[in-house]
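Readers should treat all values here as calculations from the given coordinates under stated rules, not as data from a laboratory. This one's a predicted model, so the numbers in the text were calculated from it and none came from an experiment. Cβ: placed from backbone, ideal geometry, glycine included. Neighbour counts: every protein chain shown.
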Amino acid sequence: MDMGQYLEVFIEESKEHIQACNEHLLELEKNPKDLSIVNEIFRSAHTLKGMSATMGYEDLANLTHQMENILDAIRQSKLSVSAELIDIVFLAIDHLEEMVQSISEGGDGKSDVIEVISQLKRIEKGNLSIISSAEKEVAAAAVAEVANRPSKTVYDEFEYTVLQQSAEQGFDTYEITVSLREDCLLKAARVFMVFEALESTGEIIKSTPPVEQLEEEQFDNEFTITLVSTEKKETIQNQIERISEIEKVEISQLSAAEIRPLIYHESEPEREPEPERTLEKVDQPETAAETEHYDGKKQSAKTAASNKTIRVNIERLDILMNLFEELVIDRGRLEQISRDLNNQELHETVERMSRISGDLQNIILNMRMVPVETVFNRFPRMVRQLARDLNKKIHLEIVGAETELDRTVIDEIGDPLVHLLRNALDHGIETPDVRKAQGKPEEGKVILKAYHSGNHVFIEIEDDGAGISREKVLEKAIAKKIIPPQAAAGLTDQQVFELIFASGFSTAEKISDISGRGVGLDVVKNTIESLGGSVTIDSVIGKGSIFSIQLPLTLSIISVMLVGIQKEKYAIPLSSIIETAIIKEEDILNAHNQKVIDFRGKVVPLLFLKDLFEVPVSKETSGLHSVVIVRKGDKMAGLVVDSFIGQQEIVLKSLGNYLANVFAISGATILGDGQVALIVDCNALIK
């Protein structure tokens, strides 16, 4: 059976199960006596094992099988939850994640899992009770039985479980030995034909030699296949004998007693079959009857949900978004034509189309929205490990994980958040003894919060640590020649805090794996600003710090104010605008060689865009100036333009690599009349 059609679903569901294991393991560490958490991890591992086995990824299946043994021992109170055990299971999950990632990138999903399986087995053996000599004799007899049994094939524990469960469901187990003729020219082709014939009658569990060797013709003329099927022995034999260049076919039907696992733990007697391990159509799809759906449990339990949701490749959504962007451009063109012709019927039709396309726009943008928990859910594990490396006690609290952001922003925001969290853990939170001496709880607290505000999403990282020392930051900034000494006294606390975003800045006393090289926070600032966002810092010595990130909900379609400068048109994002104003020439003042105005009691510098963008002057303006007041954080500026055209939704288009470094221009758009308008980057202007 071709499993390629299930690959995408397998990858997505595997990632979900691995993430579930990660989250529940963290819970288990906090509540080691809660067996309901162990059961949740067991279910995820069990389902992942069944899926992997069905898809043919043996390393995945074997590793999850060994994880099951550990979890099962915990459920039976043969093992107690310890930090060492959690660490090893986390290591196993890391391997699972690597293998799934390999599969998603087109790899074979193989990994060297022998070491981690050995570690899992050592934990399993080291904590189980010592069995009696009588039980050891039983185990030895079982091993001897394996060596002397009539079966030509040796099965590991996992394959043994599959065969036992298949037998319980009414399937017969056959060992089929096929001998090819000595003069057979294309042995691999004959093997393929045999496999194809057998797959039409049942499910192949194992081949000896393995499939890879058979494909490379690394065998003499004989190979053995283990098949589970409901067909009669004669039917199977007839299917194979139809293939030419086959000399002999031997089929033996194995009873349950004749199938024994090769790997038999000397330290534990054979376990009784458990209800959770039995092959049911609601759980493990490891037989011929169940390969159509490798997670039948979800198929039956979530039928209603599956009818309401569907997985869509993000590339398809990108294509849909691009097509809609073209529609937005044409919508603007139609609105312009409607105004020019002044035809009532055309005007009504265009107005209706604008309303419908506006609704469509909201639906498409919502389709692209992804909860930030897809980024947040990897942080608890990271914080746990970092806290242990730093010998600190840290509790991470996540608030607002359901807050949604555009997928494009989600893909970019992960690394900046990692840097900020590592910074909070290393520089912010103190060690337990220092916190105790200061009258604080030994366990530090970091809050990762996300929430909507207007057309923006805010993500905050707050800690109750040491805070940022103004003097220490200024000392380092002067030493690194980021600011001159004479400028230090005139800086506000906010301006001092922003110095830590300078390239090469670090207050760490020594370089470590976690920090100290002065890279990280400058990358954070650049990445966030490239997304049209901003980052600010508030801090109080001894109380802690808050890093606040402001991000746009979406990047591709934005609302702007169109302005005119001579014969050219520019677009200023509404998210940056405070208000617009008309000022007289005499209202303009001079301060430190800079033209400024008094705006509601604040001194706001003026930037004349025609000078900044070197726009050719064809006519002089009157004594009145049109000004757009824009803001970035607590800084403001007045952009002087010739005229206001109006508000419009536009499609943001990149200028391409050739024009990537144009000052204060973040992109361009095509207007309704066919003109190109450049989009002003207010962040760059204020900076």
Exposure-ranked with fewest Cβ neighbours within 10 Å first, 75, 122 stand as 122, 75
Taking a label point 7 Å from the Cα of residue 566 along Cα-to-Cβ, the residues of region 601-640 whose backbone nitrogen sits under 14 Å from it are 609-621
If R0 = 60 Å, then residue 603 and residue 326, at their Cβ-Cβ distance, give a FRET efficiency to the nearest 0.05 of 0.85
Extension length gain for residue 337 and residue 189 (0.36 nm per residue less Cα distance), in nm, is 46.6 nm
Footprinting proxy, 658, 57, 155, 451: sorted fewest to most Cβ within 10 Å, the residues are 658, 451, 155, 57
The Cα radius of gyration of region 4-130, divided by 2.2 N^0.38 Å with N its residue count, comes to 1.02
Subtracting the Cα-Cα distance of residue 374 and residue 653 from 0.36 nm times their residue separation yields 97.7 nm
Of the listed links 110/232; 632/653; 33/206, those spanning more than 30 angstrom between alpha carbons are 110/232; 33/206
Close lysine pairs (region 351-453; alpha-carbon distance under 17 Å; 8 or more apart or on separate chains) counted at 7
Honestly region 371-552 on the Cα gyration tensor test (a ≥ b ≥ c root eigenvalues; a/c under 1.5 rounded, otherwise a/b vs b/c for prolate or oblate) is just oblate
In whole µm²/s, the translational diffusion coefficient that Stokes-Einstein assigns to region 557-686, given a Kirkwood hydrodynamic radius over C-alpha pairs, 25 °C and 0.890 mPa s, equals 161 µm²/s
If amide H atoms are modeled at 1.01 Å from N in the peptide plane, then the residues at a separation of 5 or more from residue 483, or on another chain, having amide H under 5 Å from its own are 478
At R0 = 30 Å the Cβ-Cβ FRET efficiency linking residue 588 and residue 634, nearest 0.05, sits at 0.85
Residues whose modelled amide H sits under 5 Å from the amide H of residue 156, counting only those 5 or more places away in sequence or on another chain, are 262
Expressed as a percent, the portion of alpha-carbon pairs in region 314-368 spaced more than 19 Å apart is 34 percent
Most exposed first, judged by fewest Cβ atoms within 10 angstrom, 54, 374 run 374, 54
Looking only at aspartates and glutamates whose Cα falls under 17 Å of residue 476's and that sit 8 or more positions away or on another chain, we get 493, 498, 509, 522
